[in-house]
Amino acid sequence: MSLFSFAIYVCYEKLELAISIPLSVLGSVSVALGLLLAFRVNTAYERYDNGRCLIQTVTATIRNLSRQIWINVPEKTKQDHIQKMRCIKLLLAFFVATKHHLRHEYGTNYKDLQELLPKDWAPVSVTHGAKASATKESTHPVSKLGIRKKAHSMVHGIRTLPLVVSLHDTVKPLDNSGSLEPDVRNDVHNMRRSLIKEFFPDSDIADSTAPAIQQHAVQLALHEEKQHRHQPSSSTASETRPLLQSTSSAATYASDTSSLTPPAEYGDRAPFTSDEDLPDQGDGDMSLPLEILYRIALYINAAKSADKIESSFVSVITNSLDTLGNTLTTFERIVHTPIPKAYNIHLKQGVMLYIFFLPFSLVESLGLLVIPIVALVSFTLFGILAIGNEIENPFGYDYNDLPLNRYCDELKREVEYIIYHVPSHSHSILLDGQ
């Protein structure tokens, strides 16, 4: 902008061109632009502050729950001690899992999380219950999607699968610092697994993860693109190619109910089943933090059934677990609701136009000083925009984000002190400290 301002100064002073505009023209625009910028920064900081307040709520709730469970749940056997210890560790695991969940780091393959979860932990979000083995074997997009024996039918079928994939990026990176993107119905992440089963009845592709399916579709698209390069074609290759232009099933699968499968056999998870059960489409999923809360609630209910704790204590624990669930939902609201794209685009366009016309308005009154003044105004306005984008999502790894790792470590040290230094029961703690 300094070079542009210098060019305006030369045209006005040296070439004597009448390019000056009245300062009052930008006056009214300055007020509106200032309000927009103030709203942008205040909204971003409000999200940042709400994130910190929610972390404080989670920390306080876990502190209280750890103290209450450690003191009020009795230990009569070694098994009781192991179960209570696991419950305390699950409280910490909830905080750590929430941290990874907010950063879109799914699964349990993290050192800080694995040391808090039981060794036999099998999260629903990874295994999908009884389909755990099928999912684990379906991690490779080509050789492990159940297509070794049916490769020809697989390739033929995936050409008719209503997918929209990128030819170059297998998985679109999740960027919550930008604007909100609309849902795409034909995106593989939005597809029902029951529909995939219809296309591939003899394959376990329906039990695969969405990235694995997408990677295979991308490889197929790349193969077709190479073939089209050697063949004359009237259509030009685009970066994003729909593998299915239009089919009756793809157009109506969002509202079609004929492909709903009957209720699955739940085994020991549900003692009764009926026709009124929610149809199992194979899409059942749950975030890891929410699943941890369910496990803790089951432990508390089991302790109540065994007459280890009283009903009043169960109510206290339930209220605390509800608080953790509410904070998790609010966390997700902050992460998954960025500033709308229209607002960001209009604000950036307004700032650019304001900076562009500012030298024309100041060159007559300031002369050569228009260069540093415009540079200063540009630095200020663009800095405000950058601040809003930087602190809008405070749960990442940037320097201006909240130090989630430090919060988790501090809470872990506090709970460890309770476990190893505070007795779970005492008769004379105020007299002899024991």
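Would you pick out the residues in the stretch 285-315 that are among the aliphatic types (A, V, I, L, M), surrounded by fewer than 16 Cβ atoms within 10 Å (Cβ to Cβ) and assigned to a helix (DSSP H, G or I)?
Passing the criteria: L298, A302, V314.
Would you call N393 among the polar types (S, T, N, Q) and not in a helix (DSSP H, G or I)?
yes
Please work out which residue is nearest to L113 (Cα to Cα), limiting yourself to the stretch 401-434 and to residues that are at pLDDT 90 or above and part of a loop (DSSP other than H, G, I, E, B).
In this case the residue turns out to be P403.
Please tell me if A270 is at pLDDT below 75, under 23 Å from W121 (Cα atoms), surrounded by fewer than 13 Cβ atoms within 10 Å (Cβ to Cβ) and aliphatic (A, V, I, L, M).
yes
List the helices (runs of 4 or more DSSP H) that sit entirely inside the stretch 85-150 and contain at least 2 residues that are at pLDDT below 85.
Per the criteria, 124-127, 132-136.
May I ask you to list the residues in the stretch 360-376 that are closer than 30 Å to T43 by Cα and buried (at least 18 other Cβ atoms within 10 Å of the Cβ)?
Matches in the stretch 360-376: V374 only.
The values are calculated or read from the model by the stated rules, or taken from the named source; none is laboratory data. Every value quoted in this text rests on a predicted model; they were computed, and no experiment measured them. Counting neighbours? That spans all protein chains shown, and the Cβs are built from the backbone with ideal geometry, glycine included.
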